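A short worksheet on the structure shown next.
FYI, it's all coordinate maths here, none of it is from the lab. Since this is a predicted model, take the numbers as computed values, not measurements. Here the Cβ positions follow ideal geometry from the backbone for every residue, glycine too, while neighbour counts run over all protein chains shown.
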């Protein structure tokens with residue numbers, strides 16, 4: 001379920017829905033400094049808590065729309081004990 005910038009800007013219901021989804025993420029993920037697009041990317045692939053990151057390689061995470069090099073750097077710094085190489 002991809003979300004374009006237009007979908008978010010043009011529809012308050014979609015914005016509120018994504019805000020609720022982001023609020024449902026583990027507090028460590030929300031407090032990590034990841035951008036909203038990166039948090040949405042994690043939510044779309046089923047990451048709700050840090051331990052869920054262990055199911056994905058760095059390459060898989062980087063292939064997700066919204067999670068780029070900056071987000072990956074934050075994940076590596078914050079959750080280095082969980083991430084796969």
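Springs between alpha-carbon pairs under 10 angstrom, Gaussian network model over the chain: which of 30, 44, 55 fluctuates most?
55
Pairs of alpha-carbon atoms within less than 8 angstrom and 6+ residues apart define the contacts here; what relative contact order does the chain have, in percent?
Numbers: 76 pairs, mean separation 23.0, N = 85.
Once normalised by length, the contact order is 27 percent.
Neighbouring Cβ atoms within 10 Å as the yardstick, rank 54, 80, 32 fewest first.
Values: 54 12, 80 8, 32 19.
Taking fewest neighbouring Cβ atoms as first place, the list is 80, 54, 32.
When you take every Cα atom in the chain, what is the radius of gyration, and what is Dmax, the widest Cα pair distance, in Å?
Values for the chain (Cα only, Rg and Dmax): 12.5, 39 Å.
With a 10 Å cut-off between alpha carbons and a GNM built on the chain, which of 16, 25, 67 moves the most?
16
Could you calculate the contour length gain from residue 14 to residue 62, that is, 0.36 nm times the residue separation minus the distance between their Cα atoms, to one decimal place in nm? Before the final figure, lay out each step's value.
Values: separation 48, 0.36 × 48 = 17.28 nm, distance 2.43 nm.
Taking residue 14 through residue 62 to full extension adds about 14.9 nm, to one decimal.
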